[in-house]
Amino acid sequence: MQAGQISNSPALLSEPLVTVRAERGGWTLAALNDAAAVAGLRPGLPLADARALCLGLKSVEADPAGDRRVLEALTDSCRRYTPWAANDPGVDGIWLDISGCGHLFGGEDILLTDLTTYLQRLGYAYRLGVADTPGAAWAVARFGGEAVSVIPSGAQASILAPLPAAALRLSRTIVEGLHRMGLRRIEDIIGIPRAPLAARFGSILLERLDQALGTRPETITPRRPVPEFRARLAFAEPISHRNGIDAVLDRLLKTLCKQLADAHLGARLVTLEGYRTDGTIAEVSAGTGRPVHDPVHLARLFREKLETFDPGFGIDVAVLGAVRTDTLPPVQAALEKNESQTGCDDGERLDYLLDRLGNRLGPQRVIRLASQARHVPEKAAKAVSALLGSPPDGTDEGGPRARRPLRLLPSPEPIQVMAPVPDRPPVLFRWRRRPHRVARADGPERIAPEWWLEDADALFSGETEARDYYRIEDEAGARFWVYREGLYRPDRAPRWYLHGFFA
């Protein structure tokens, strides 16, 4: 695989070629092609010894980070066969859990044939192992001697028995220790009492043995989250035309939404993946503000984003997955429906509009005001994404108990007030050089400073004071929200401010 990543030239690959890495003050072989293996070279051999054994050997410095990126990209592209795809840590391998996926291809044999054809088309050298357990599949893929090794169900013990101990995914130290004891094959280890093995080599030896034989479960963590609901389509010929992609999307949405409806769930985030013929992936996602399983609405959201969906030279597999889902509460249907009604209420229409705006402009650019547990009015609300299904932590959807104006000024503006008694509502106030004679007043509502949040020095110095708010109405019918800052003090004139409007 490493040589195949360097070049696909048959002339170059027919010559001995290795990649090398710096190790212990010298260069050692990291990977080699078939021609170098035939010449008797192996990974870990010093480069000087390799050149003495093979004249004309070509070497290239290894790029582990680049190899890892390529391997991760190949892992993602293999999600066309199963969503349960993961990288094998520490080695150049990929886990594919194909349990329950064979029927999509007409059987596991056809799936393997399609996988081998796909890897050959991309120019990779490969060895495949198929078994009931990940450990057994790993063993036969690397030590089975065949390009494709399949272990029949329940036959792990007999197939693994003649393989070397290294096939159990053991460290070099443990393998060398087993060799010194004369335990070179797996069948030698199976016949030894378990207690002495655990005392000598630790629990990892027995754990790997049990995992390979299937007596102990092994969990494989996929590289990307696996959607619980997904729909898949494969094509005999790659498609690249927009009309074809639209038709595929409509078909996938119907299948996916039926799955969601049967489970009484709705999608919050749906992702369309198009697997290109060159091994790359085209991907586009659509999010919703509330759970949805309406294919028409989801199709409308995707239509606005498919301009960024680049099929390249064509996609041969398309997968639609519900990445995030939520419970879809039942909706009360109306007993009567007029011809002008479209089947959804005003709230649903608003949600659909927010979904379209959020997917077009970005979810963080469509905002709403959410109340939060703060006493100071200008801090009692903050802007959040309108697509959030529930208020963020620290917010209170119930809002403040007292009545609040529809509009607050960006910052309170000072006003000149005439009041018969300093601690009573004003009878006249002047704002922006315009007088307003008060006809009615209600209050006060005292709002104290948030001493548990404010700076203690500001509180004791009097910079932060309590406010007495009044709801007042002038003779023209306009309603205002004004407040007096600080408690009444004979030695200081009260300061009044206009903060908002009720109408």
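Examine the stretch 332-352 for a residue that is crowded, with 16+ Cβ neighbours inside 10 Å and at pLDDT 70 or above, and state whether such a residue exists. Yes. Here the stretch 18-37 is the region considered, the condition is being touching a residue at least 12 places away in the same chain (Cβ under 8 Å) and outside any strand (DSSP E or B), and the residue that is surrounded by the most Cβ atoms within 10 Å (Cβ to Cβ) is A36.
When the residues of the stretch 164-199 are filtered to those that are within 42 Å of the chain's Cα centre (by Cα) and part of a loop (DSSP other than H, G, I, E, B), the one that is farthest from A136 (Cα to Cα) is S171. The set of residues in the stretch 220-245 being closer than 21 Å to G266 by Cβ and β-branched (V, I, T) consists of V226 alone.
The rows are residues; the columns are (1) surrounded by 16 or more Cβ atoms within 10 Å (Cβ to Cβ); (2) in the same structural domain as K305 (by TED's automatic domain parsing); (3) modelled with pLDDT under 90; (4) within 17 Å of D326 (Cβ to Cβ).
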{"residue": "T219", "(1), (2), (3), (4)": "no, no, yes, no"}
{"residue": "A234", "(1), (2), (3), (4)": "no, yes, no, no"}
{"residue": "E237", "(1), (2), (3), (4)": "no, yes, no, no"}
{"residue": "H241", "(1), (2), (3), (4)": "no, yes, no, no"}
{"residue": "R251", "(1), (2), (3), (4)": "no, yes, no, no"}
{"residue": "D262", "(1), (2), (3), (4)": "no, yes, no, yes"}
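Within 37 Å of the chain's Cα centre (by Cα) and not in a helix (DSSP H, G or I): is that true of A231 in this structure? So that I can check it myself, show each step before the final result.
Values: within 37 Å of the chain's Cα centre (by Cα): yes; not in a helix (DSSP H, G or I): yes.
Taking the combined requirement at face value, the residue satisfies it.
Do we have P89 as farther than 21 Å from L122 by Cα and within 32 Å of the chain's Cα centre (by Cα) here? Against the criterion (farther than 21 Å from L122 by Cα and within 32 Å of the chain's Cα centre (by Cα)), P89 qualifies.
Taken over the stretch 279-314, the residue count meeting the criterion of being surrounded by fewer than 19 Cβ atoms within 10 Å (Cβ to Cβ), under 21 Å from P227 (Cα atoms) and among the polar types (S, T, N, Q) is 2. Kindly indicate whether any position in the stretch 248-265 is closer than 18 Å to R80 by Cβ, in a loop (DSSP other than H, G, I, E, B), of a type in the set (V, I, T) and in contact (Cβ under 8 Å) with a residue 60 or more places away in the chain. No, because not a single residue in the stretch 248-265 is closer than 18 Å to R80 by Cβ, in a loop (DSSP other than H, G, I, E, B), of a type in the set (V, I, T) and in contact (Cβ under 8 Å) with a residue 60 or more places away in the chain.
Across the stretch 472-501, the qualifying residues are those that are among the hydroxyl-bearing types (S, T, Y) and assigned to a strand (DSSP E or B), and the one among them that is surrounded by the fewest Cβ atoms within 10 Å (Cβ to Cβ) is Y497.
Being part of a strand (DSSP E or B), at pLDDT 90 or above and acidic (D, E) is the requirement here; does E445 meet it? Here the answer is no, as E445 does not meet what is asked.
The values are calculated or read from the model by the stated rules, or taken from the named source; none is laboratory data. Computed from a predicted model, the values in this text were never measured in an experiment. Positions of Cβ are generated from backbone atoms using ideal geometry, with glycine treated the same way; all protein chains shown enter the neighbour counts.
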